[in-house]
Each structure stands twice: as structure tokens, then as C-alpha cells.
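Everything below concerns the one structure shown next.
FYI, it's all coordinate maths here, none of it is from the lab. Every value quoted in this text rests on a predicted model; they were computed, and no experiment measured them. In this analysis, Cβ positions are derived from the backbone assuming ideal geometry, glycine residues included, and neighbour counts consider all displayed protein chains.
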Amino acid sequence: MRIRINGTPAAIEGAVNLEQLIVGKGLIPERVVVELNLRIIPRNQWRTVLLNDDDAIEIVSFVGGG
């Protein structure tokens with residue numbers, strides 16, 4: 001299946017949910033916000049949201065500093 005992550009084309013195999021995608025990329029779920037097809041998806045729904053062909057995902061990471 002072909003998707004876009006932060007504007008970059010990506011290919012994934014099989015049924016993958018948002019949580020699997022985030023964890024698989026080595027990201028800390030508590031430190032990111034995910035937008036799927038222009039809609040922010042609450043973290044408690046990631047496990048139930050399956051990705052589909054042509055989905056557009058934006059992942060925003062929170063970074064502390066000063």
C-alpha cells in the first residue's frame with residue numbers, strides 16, 4: 001500500500017494501524033500528534049485506525065528546549 005508521511009511517499013505491507021506505524025518508526029507516542037487526511041486522530045484511537053492506500057499522514061513531534 002502506498003501512503004504519504006509528512007509529504008514523503010512511503011510503502012507499507014499488510015494491515016497497519018496508526019499505533020504500529022508510530023512505534024515502528026521509533027517515535028514515542030506521548031510526544032507526537034498525528035493528522036490523518038487533514039484530521040487529528042486522538043492517541044486513544046490509534047490502535048483502531050487502519051491505514052489505507054493513498055492516506056496522507058502528518059506526524060508532529062514535540063521538542064523541549066530553551
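Numbers for the structure displayed
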{"read-out": "In region 29-39, the residues that are surrounded by fewer than 12 Cβ atoms within 10 Å (Cβ to Cβ) and among the hydrophobic types (A, V, I, L, M, F, W, C)", "value": "LEU38"}
{"read-out": "Every pair of residues 6+ apart whose Cβ atoms lie under 7 Å, when the first sits in region 21-43 and is farther than 16 Å from ALA56 by Cβ while the second is in a loop (DSSP other than H, G, I, E, B) and of a type in the set (Phe, Trp, Tyr)", "value": "ARG31/PHE62"}
{"read-out": "Extreme residue, nearest to GLY14 (Cα to Cα), among residues of region 31-66 that are outside any loop (DSSP other than H, G, I, E, B) and of a type in the set (D, E, K, R)", "value": "ARG47"}
